[in-house]
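Accompanying notes for the structure given below.
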Amino acid sequence: MTDLAGRFRQLWDEIAPIGRDPRSGGYLRYALTEPELRLRDWFRDQAARRGMPVTDDGNGNLFAWWGDPEAGDAVLTGSHFDSVPHGGAYDGPLGIVSAFLAVDELRTAGVAPVRPLALGAFVEEEGARFGVPCLGSRLLTGALAPQRAAGLVDADGVSFAEAWGGPPAGARPELLGRFAAFVELHVEQGRALIEADAPVAVADAIWPHGRWRLDFTGEGNHAGTTRMADRRDPMLTYAFTVLAANKEARLRGAHATVGRVAVEPNATNAIPSKVTGWLDARAAEQETLSGLVEAVHAKAAERARRDGTDVLLTEESATPLVAFDGGLAGRLAALLGAPVLPTGAGHDAGVLAAHLPTAMLFVRNPTGVSHSPAESATDADCAAGVTALARVLEELACR
Ligand code: GLV
Ligand code: MN
Ligand code: MN
């Protein structure tokens, strides 16, 4: 094991147990819950150990600074601590741990930034607690109104404002204006780097994607006494819609997933009165994505007429196509000799890309699996990621 891989492992092991569910082996690091708050304390502690003051933006996002936070022209790197339910260890935290280690690498090499370097930890990137992904970066950039964010509630009815301890500040243009570039390092969420036989890649684009809630309503009734012909069962409309989403996505070369469902009253011997399913849909082009969602809605509505049920589609979040700054991606790919890839996964980098030159680095994931406990990266590849990030930060902030 190289020195750097060993240092990676040491720092990684400090956070590895936090929020880990012993049964699934996955993580329950919902934003602003106890495990994520502990990770935020860990972030402050790591920053303090390196003499980096920490600021927050009034929205739940943290920044640790090497250099004057007020000076402007800063280079930002970092990611998020929160996970999807029973998610993997690397999605998010890898970008933060790697950022601290990249700072150490620069310092060991005697390289200092000529413009400020900031390490960021964004809140609620997954949207697993309050429903809207990239909540922190959307607030910071003004893509989401603070009033809407404040009122979003989790499964227990706790609002974001309650969890955060007050109403979020919303857009911070003067803070955003102090960043000249953002680079997010992230575990790869696919198999492209396995196929390319390379430890690190640079991203060039994020597919347009979004989340739509489908509320199916019918008539709750007795499972034993209600004749089949008399039923208005929203579970049937829901089930048909899930199959239709899969088919319509395949026909278009797009992705559609229903990974979350809620049933009322959720009893074995009762026909449901309501079923809610969340559709996650993604495609390489916006037109394809819009066509997919319209087709799924039309199929659901047609089936609802046959079932005597109702269906209501509500958009919960939408992210347009992100084309990362081509000049920056090309420069970093040449610097690192790394392949360039698009991704179907969403990231805070995608939100910030509308405001400042932004790039992403991906680190190989030998399982190719993500949003699952099987997500993985070797210490050697994580060390290669740190080395790549340190070179990028040197290039952007130290010359
Ligand atoms: C975030 O990881 C997303 O792509 O949903
Ligand atoms: Mn994720
Ligand atoms: Mn992520």
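The values are calculated or read from the model by the stated rules, or taken from the named source; none is laboratory data. As the structure is a prediction and not an experimental result, all values here were calculated from the model. A quick note on method: Cβ atoms are made from the backbone with ideal geometry, for glycine too, and the neighbour counts reach across all protein chains shown.
For this structure, a couple of remarks:
- Condition met for Ala181 (away from ligand 3 (no atom under 16 Å from the Cβ), hydrophobic (A, V, I, L, M, F, W, C) and either modelled with pLDDT under 95 or out of contact with any Cys (no Cβ under 8 Å at 6 or more places or on another chain) (or both)): yes
- Once the stretch 329-373 is narrowed to residues that are within 13 Å of ligand 2 (Cβ to nearest atom) and of a type in the set (Val, Ile, Thr), the residue that is nearest to Asp82 (Cα to Cα) is Val369.
- So Ala254, is it under 20 Å from the mean Cα position of the chain (by Cα) and without any contact (Cβ under 8 Å) to a residue 40 or more places away in the chain: yes
- No other residue among Glu315, Glu302 is free of Cβ contacts under 8 Å to residues at least 24 places away in the same chain and under 29 Å from Asn246 (Cα atoms) apart from Glu302.
- Residue list for the stretch 310-324, filter: in contact with a strand residue (DSSP E or B) (Cβ under 6 Å, 6 or more places away or on another chain) and either charged (D, E, K, R) or surrounded by 15 or more Cβ atoms within 10 Å (Cβ to Cβ) (or both): Asp310, Val311, Leu313, Glu315, Glu316, Ser317, Ala318, Thr319, Val322, Phe324
- Some residue of the stretch 332-346 being within 19 Å of the chain's Cα centre (by Cα) and more than 14 Å from ligand 3 (Cβ to nearest atom): yes
- Residue within the stretch 220-237 that is surrounded by 21 or more Cβ atoms within 10 Å (Cβ to Cβ), among the acidic types (Asp, Glu) and within 16 Å of ligand 2 (Cβ to nearest atom) present: no
- Search result, residues across the stretch 128-158 that are assigned to a helix (DSSP H, G or I) and over 14 Å from Asp348 (Cβ atoms): Pro146, Gln147, Arg148, Ala149, Ala150, Gly151
- Here Arg399 passes the criteria (1) away from ligand 1 (no atom under 16 Å from the Cβ); (2) at pLDDT 95 or above; (3) more than 15 Å from Val200 (Cβ to Cβ) except the one numbered (2).
Conditions tested, residue by residue: (1) within 16 Å of ligand 3 (Cβ to nearest atom); (2) out of contact with any Asp or Glu (no Cβ under 9 Å at 6 or more places or on another chain); (3) among the acidic types (Asp, Glu); (4) over 19 Å from Asp215 (Cβ atoms).
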residue	(1), (2), (3), (4)
Asp233	no, no, yes, no
Gly277	no, no, no, no
Gln286	no, yes, no, yes
Leu289	no, yes, no, yes
Ala295	no, no, no, no
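- Output for the stretch 22-41, where each listed residue is touching a residue at least 24 places away in the same chain (Cβ under 8 Å) and out of contact with any strand residue (DSSP E or B) (no Cβ under 7 Å at 6 or more places or on another chain): Ser24, Gly25, Leu28, Arg29, Tyr30, Ala31, Leu32, Thr33, Glu36, Leu39
- Whether a residue is free of Cβ contacts under 8 Å to residues at least 60 places away in the same chain, assigned to a loop (DSSP other than H, G, I, E, B) and more than 16 Å from ligand 2 (Cβ to nearest atom) was assessed, and Gly60 does not pass this test.
- The set of residues in the stretch 63-90 being in contact with a Leu (Cβ under 6 Å, 6 or more places away or on another chain), among the hydrophobic types (A, V, I, L, M, F, W, C) and outside any loop (DSSP other than H, G, I, E, B) consists of Ala64, Trp66, Val75.
- Output for the stretch 170-196, where each listed residue is part of a helix (DSSP H, G or I) and in contact with a helix residue (DSSP H, G or I) (Cβ under 9 Å, 6 or more places away or on another chain): Pro173, Leu175, Leu176, Leu193
- Remark: pairs (first residue in the stretch 152-174, under 17 Å from Cys134 (Cα atoms); second residue of a type in the set (Lys, Arg); Cβ separation under 6 Å; 6+ apart in sequence or on different chains) = Asp154/Arg129.
- Any hit, the stretch 333-355, residues being farther than 22 Å from Leu94 by Cβ, touching a helix residue (DSSP H, G or I) at 6+ places or on another chain (Cβ under 6 Å), in contact (Cβ under 8 Å) with a residue 24 or more places away in the chain and surrounded by 16 or more Cβ atoms within 10 Å (Cβ to Cβ): yes
- The stretch 374-399 - residue that is over 22 Å from Asp3 (Cα atoms) and buried (at least 18 other Cβ atoms within 10 Å of the Cβ) and, of those, nearest to ligand 2 (Cβ to nearest atom): Glu375
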